[in-house]
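Following: one structure in structure tokens, then a few remarks.
The values are calculated or read from the model by the stated rules, or taken from the named source; none is laboratory data. Model, not experiment: these values are computed from the prediction. Backbone-built Cβ (ideal geometry, glycine too); neighbour counts: all protein chains shown.
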Amino acid sequence: MTRILVVEDDEANQEIVTRVLRREGYEVILAGDGLTGVALALAEVPDLILMDLSLPELDGWEATRRIRANPVTATIPIIALTAHAFAEEVQQALQAGCSRYETKPLVYRRLIKKIKDLLNPPTVAV
Amino acid sequence: MKSRVVREASLIGSGQTPPGVREALKHSEASYRAVFDASRDALLIADAQTGMLVDANPAALILLDRSMEEIRGLHQKDIHASEDVPAGTEAFHRYRYEAGATEHVVLRRDGTRVPVEIAASPMRDAQGRDLILGIFHDLTEHRRAEEQLRESEERFRIMADCCPAVMWVTNAEGLLWFVNRAYREFFGIRGDQVERFKGRLPVHLDDEYDFRTAWKRSVERRMPFATEARVQRADGEWRWVATQGEPRFSQGGDFLGHVGLSSDITDRKQAEEALRESEQSYRRQFADNSVIMLLIDPADGQIVDANAAALVFYGYPRERLLAMRSSDIALLPGSDAQQVLAPLQDMSGRLLQRQHRLANGSVRDVEVSLSQIQLGERIVVHSIVVDITDRKRAEKEAQWSEARLRGITDSAQDAIIMMDPEGMISFWNPAAESILGYGAEEAIGKHLHTLLTPERYLEAHRAALPEFLRTGRGKAIGKTVELAARRRDGREIAIDLSLSAVSLNGKWHAVGILRNITERQQAEQALRNSEEKFRQLAENMREVFFVATPAGDELIYISPAYEQIWGATCDSIYKSPMSWAEAIHPDDRKRHQVMSERQIRGEPIDSEFRIRTPDGLEKWIRTRTSPVRNEAGDLIRVVGIAEEITERKRYEAELIFAREGAEAANLAKSRFLANMSHELRTPLNAILGFSELLMTEMDDQGVHEWDEDLQKIQRAGNHLSRLINDILDLSKIEAGKMRLSIEDFDIAVVVRDVVASLEPLAKKNKNEIEVFCEPAILHSDGMRVQQCLFNLIGNACKFTQGGQVVIDVQRESGVDGVWYRIRIRDSGIGITREQLAGLFTAFNQGDGATTRKFGGSGLGLTISRKLCRMMGGDISVESIPGKGSTFILRIPGSILTEGTGNL
């Protein structure tokens, strides 16, 4: 089963994302702050990570950098979730190592599509 | 021949046959037959009554290509060509009674036609039959010859007619027998007049004797003749023609006439006539001229002729001179005759300076002018020689002395002017030109005083002149006086004039050496003026003005303001020039020291520092100094200005403080807004998230009871989200945090996307959207352009009901590059003048009611305009209330550097 680590501090958002992902058939692992996120990423090695950027303990940018720095977790696709519409913040997230980003409020169909694209990259006919 | 045959046949045929002569007859018959058969002429015998052929000899059988049997079955008509049958029959009937000859065309068996002459006569045979004997003579060869002759004649005529030369043929009597077309054209004879001119050549009476003589001689001696004579044309004009005639003779040697060619030589004759005349006059001029003239053969330099003046000059007898070549008299440096002669023709028309040796061995300088002339048939070089020995010598001497003088006068700084005894300027050096403005060519020969003396001095000059000219003396002679002179431009200049008198050939000339002292005078005056001005300025200034040595160890001048600012006397600083620096605040001394070093190096200085005055005040001072250099470029002085800027400094400090405060406040505000928007969004995300989740899950279960309510929650949530976004954008722009992300994008794609997403809104308001946009790649922030367009087009759709929204994108090329103008025109409610004023101000909508009715944050236009300006463009608007509005977004096609808008 495909496992997705959701790093999100807001409980309501945790619940929504969890329900949406489970509905799509994914197994969800939850982390409430950045540090826990980095630890669970290493312990569970999920297939994909949804990373909120504003997090207690360790913010999303730093958590992403640490996940990327560890060879075990370096290649896990990470989608940044941000309420910050500042372009530079998005830019920083991508620089930190996020593969994609989604702006809150989340549009779930779009999020699911992004997840599917990352997990099953469209094959290229050779 | 043929007539004899006829007679013979006739004799035989017409003879009676008495019983006693049967043998003889038989014998005669045999001999007839032999003759008949042997004849080379074709012989045919026909029955005169029936017209049937009865006999033919072998030649006839050959001619007609028939056998005897065939012949005996033929009627006389049968052997004639069809068109000849009537004539043949007619002749046949005639020949029954009388002999005769006619030409006919007969047919061979194969149908070929043979022209024949038939000589025929009646006869009777032994049986008493009336017969007709025809002797057929084949004319084929004859006809061919005739044809050939005709053709040859025709060829000749055509040839002669085509020949551009005038051709004619005469008979033995000298009468024209043939003339060609060129002849007719030359003489102006029209086709119908040819006969009239078939006489003799119309030779002029004066030339007729010569012409006749040549003609006769040609006939007598059987030789061609050539003559020139005037002939008259049909229109009466006389022309000169050269005529050549070739006598014609028959094979027997009889003279038949002439064949001739004539050509028009009128032009040549006239040219010759003119030449003869000019030659005569030339000869006269040449011989009698007192100028030395030689005629030289250009081919070898042979002297062809020399006039009397030349003989006298060179001192040779005529025969000797004419035996010489030009190279024998001309001395040319290191050249052999060939070299000299080669360019002789090229030198035509030129003036050459040469040296010629005379008979007595002396060498003279000469000026030779060569020209080519035509003398009769030949071209000779006409050489005019002028003895310039004396002139040359004088010139040389003059050149030498003048060169010396020129050397001096050309380089003189002062104007050197000479006046001749008539009061005219006779010398004028380059300095005179630069000082007085007249060129030498303008000044020399002009009256000195008229040219240069100002009106008011004129009388005095005139009065003094006669005395000077008589004695060479005058008040000003030998002295230097200050005077005024008038320049070419009318300006008067002050001059120093040194005058001296020179006696040449017993007459007095004046030499004036003149120096422009206007500038000196003006400079002196200017200096006085400027000093005065400067002093007034310096002493009334609030700023301290000073002049010092570069090191500052000597103070030349300091203005009195020093006392007010420094609180020390000017005297104190004059005595101790560095004392002013002692007042500098200890913290600023080091900086000032650096500045002083730069000042000594000659750099301009702008420095600010604090001083402490004796009464304990701290003042901010700004000094600015500039280096002063002499002409050699050495730093000699420093001028400077020192001012008190304490007030300004205080103001600046306040300003900096205020700005820092404002910036801090603004930063705090945007940080607050950013944080707040995050805080606002988190619960909003939950609201929107759960309502979407609910809708999806209820849809899964087929429950639709609360769909409408959930949609309302979603709409309100989305609206709130947009409001937060707008506020966030605005605060970002205002905080200078908005960054453009520049990329290449297609404007047509952006417009299409925006229109597509607004389609539902347009449909709801029953609006039609029309787009005119060509694909074009822009280098700008595509997301922000999209945002602006979304606002503008969204507004248009929102404020228009059942109308039209037209989007029109145009490319504009100007000096400042490529721009795009996007016009969004709607037929909506429009905007009043009052509304227009605050349209782009934040939190401002048409009126409060508008917000309630149409929704929106009222920030869209403000944000759009600010974004647009960040991208280097702008948004403008035109509107008629009730009719509609047009928003025009104009942006550059390319943003070169990614910048931060700070609006």
Being without any contact (Cβ under 8 Å) to a residue 40 or more places away in the chain and outside any helix (DSSP H, G or I) is the filter here; which residues of segment B:306-320 pass it? B:A306, B:N307, B:P317
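Any residue in segment B:428-444 that is polar (S, T, N, Q), in a helix (DSSP H, G or I) and modelled with pLDDT of 85 or more?
Kept after step one, since they are polar (S, T, N, Q), are these residues of segment B:428-444: B:429, B:434.
Filter once more, so that each one left must be in a helix (DSSP H, G or I): B:434.
Checking which are modelled with pLDDT of 85 or more leaves us with B:434.
So far as segment B:428-444 goes, yes, one or more of its residues are polar (S, T, N, Q), in a helix (DSSP H, G or I) and modelled with pLDDT of 85 or more.
Restricting to segment B:356-383, name every residue that is β-branched (V, I, T) and within 12 Å of B:F313 (Cα to Cα).
Within segment B:356-383, B:V363, B:V366 meet the criteria.
Sort through B:L694, B:L680 and tell me the only one that's crowded, with 16+ Cβ neighbours inside 10 Å, within 14 Å of another protein chain (Cβ to nearest Cβ) and under 25 Å from A:I112 (Cβ atoms).
On the way: B:L680 fails: under 25 Å from A:I112 (Cβ atoms).
Going through B:L694, B:L680 in turn, just one is crowded, with 16+ Cβ neighbours inside 10 Å, within 14 Å of another protein chain (Cβ to nearest Cβ) and under 25 Å from A:I112 (Cβ atoms): B:L694.
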Of (1) hydroxyl-bearing (S, T, Y); (2) more than 10 Å from chain A (Cβ to nearest Cβ); (3) out of contact with any strand residue (DSSP E or B) (no Cβ under 6 Å at 6 or more places or on another chain); (4) surrounded by 13 or more Cβ atoms within 10 Å (Cβ to Cβ), B:Y651 satisfies all except one. Which? (4)
Taking only pairs six or more apart or across chains, which ones have beta-carbon atoms under 8 Å, a first residue in segment A:92-121 that is within 23 Å of A:V38 (Cα to Cα) and without any contact (Cβ under 8 Å) to a residue 60 or more places away in the chain, and a second residue that is surrounded by fewer than 17 Cβ atoms within 10 Å (Cβ to Cβ) and of a type outside the set (D, E, K, R)? A:S99/A:L118; A:R100/A:L118; A:Y101/A:L94
Output for segment B:715-746, where each listed residue is within 12 Å of chain A (Cβ to nearest Cβ), surrounded by 17 or more Cβ atoms within 10 Å (Cβ to Cβ), more than 60 Å from the chain's Cα centre (by Cα) and of a type outside the set (A, V, I, L, M, F, W, C): B:G717, B:S721, B:N725, B:D726, B:D729, B:S731, B:K732, B:K737
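In the list B:G873, B:G899, which residue meets the criterion of being over 21 Å from B:T800 (Cβ atoms), surrounded by 13 or more Cβ atoms within 10 Å (Cβ to Cβ) and modelled with pLDDT under 60? Quick ask: steps written out before the conclusion?
Details: B:G873 fails: modelled with pLDDT under 60.
The match here is B:G899.
Only one residue in B:V106, B:V166, B:V179 is touching an Asp or Glu at 6+ places or on another chain (Cβ under 9 Å) and either surrounded by fewer than 20 Cβ atoms within 10 Å (Cβ to Cβ) or within 30 Å of B:S263 (Cβ to Cβ) (or both). Which one? Give the steps one after another, and end with the answer.
Values: B:V106 fails: either surrounded by fewer than 20 Cβ atoms within 10 Å (Cβ to Cβ) or within 30 Å of B:S263 (Cβ to Cβ) (or both); B:V179 fails: touching an Asp or Glu at 6+ places or on another chain (Cβ under 9 Å).
Just a single option satisfies the conditions, and that option is B:V166.
In segment B:411-420, which residues are part of a loop (DSSP other than H, G, I, E, B) and modelled with pLDDT of 85 or more? Even if it seems obvious, please write down each step before you answer.
Here is the first cut: in segment B:411-420, the residues part of a loop (DSSP other than H, G, I, E, B) are B:412-414, B:420.
Hit for segment B:411-420 is B:D420, nothing else.
Quick check, is A:T73 polar (S, T, N, Q), over 30 Å from B:S731 (Cα atoms) and in contact (Cβ under 8 Å) with a residue 24 or more places away in the chain? Reasoning before the result, please.
Details: polar (S, T, N, Q): yes; over 30 Å from B:S731 (Cα atoms): yes; in contact (Cβ under 8 Å) with a residue 24 or more places away in the chain: yes.
The answer is yes for A:T73.
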With the checklist (1) modelled with pLDDT of 90 or more; (2) within 14 Å of chain B (Cβ to nearest Cβ) in hand, flag the one item A:T64 doesn't pass. (2)
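The rows are residues; the columns are (1) over 18 Å from B:R752 (Cβ atoms); (2) surrounded by fewer than 16 Cβ atoms within 10 Å (Cβ to Cβ); (3) among the β-branched types (V, I, T).
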residue	(1), (2), (3)
B:N791	no, no, no
B:F799	yes, no, no
B:V809	no, no, yes
B:R823	no, no, no
B:G830	yes, no, no
In this structure, is B:R150 surrounded by fewer than 14 Cβ atoms within 10 Å (Cβ to Cβ) and touching a strand residue (DSSP E or B) at 6+ places or on another chain (Cβ under 9 Å)? no
Since B:K712 meets every condition but one in (1) part of a loop (DSSP other than H, G, I, E, B); (2) away from chain A (no Cβ under 12 Å), which condition does it not meet? (1)
State whether the residues of segment B:547-563 include one that is at pLDDT 85 or above, part of a helix (DSSP H, G or I) and not acidic (D, E). yes
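Give, as residue ranges, the strands (runs of 3 or more DSSP E) completely inside segment B:45-131 that count at least 2 residues that are among the small types (G, A, S) and either over 18 Å from B:Y32 (Cα atoms) or in contact with a Pro (Cβ under 9 Å, 6 or more places away or on another chain) (or both).
Numbers: elements: B:53-56, B:100-107, B:113-124.
The strands (runs of 3 or more DSSP E) meeting that bar are B:100-107.
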Would you pick out the residues in segment B:746-780 that are within 20 Å of B:R865 (Cα to Cα) and touching a strand residue (DSSP E or B) at 6+ places or on another chain (Cβ under 7 Å)? B:I747, B:V751, B:V755, B:L778, B:H779, B:S780
Taking only segment B:451-464 into account, find how many residues are at pLDDT 85 or above and touching a helix residue (DSSP H, G or I) at 6+ places or on another chain (Cβ under 9 Å). 3
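In this structure, is B:I687 within 13 Å of another protein chain (Cβ to nearest Cβ) and not in a loop (DSSP other than H, G, I, E, B)?
Numbers: within 13 Å of another protein chain (Cβ to nearest Cβ): yes; not in a loop (DSSP other than H, G, I, E, B): yes.
Taking the combined requirement at face value, the residue satisfies it.
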Within segment A:1-39, tally of residues that are over 15 Å from A:L111 (Cα atoms), in contact with a Phe, Trp or Tyr (Cβ under 8 Å, 6 or more places away or on another chain) and assigned to a strand (DSSP E or B): 1
Go through (1) away from every other protein chain (no Cβ under 14 Å); (2) under 54 Å from the mean Cα position of the chain (by Cα); (3) over 26 Å from B:S827 (Cα atoms) and name the single condition B:V749 misses. (3)
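If the requirement is being within 19 Å of A:C98 (Cβ to Cβ), away from chain B (no Cβ under 13 Å), of a type outside the set (S, T, N, Q) and in contact (Cβ under 8 Å) with a residue 60 or more places away in the chain, which of these qualifies: A:L58, A:L48, A:L40, A:L35?
Among A:L58, A:L48, A:L40, A:L35, only A:L48 is within 19 Å of A:C98 (Cβ to Cβ), away from chain B (no Cβ under 13 Å), of a type outside the set (S, T, N, Q) and in contact (Cβ under 8 Å) with a residue 60 or more places away in the chain.
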What number of residues within segment B:592-627 are in contact (Cβ under 8 Å) with a residue 12 or more places away in the chain and either aliphatic (A, V, I, L, M) or under 22 Å from B:T549 (Cβ atoms) (or both)? 21
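Please tell me if B:G236 is surrounded by 18 or more Cβ atoms within 10 Å (Cβ to Cβ) and of a type in the set (G, A, S). Lay out the reasoning, then the answer.
Numbers: surrounded by 18 or more Cβ atoms within 10 Å (Cβ to Cβ): no; of a type in the set (G, A, S): yes.
In short, no.
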So A:R22 passes all but one of these: (1) in contact with a helix residue (DSSP H, G or I) (Cβ under 7 Å, 6 or more places away or on another chain); (2) free of Cβ contacts under 8 Å to residues at least 24 places away in the same chain. Which condition number does it fail? (1)
I need a count of the residues in segment A:1-32 that are touching a Pro at 6+ places or on another chain (Cβ under 7 Å), buried (at least 22 other Cβ atoms within 10 Å of the Cβ) and within 14 Å of chain B (Cβ to nearest Cβ). 0
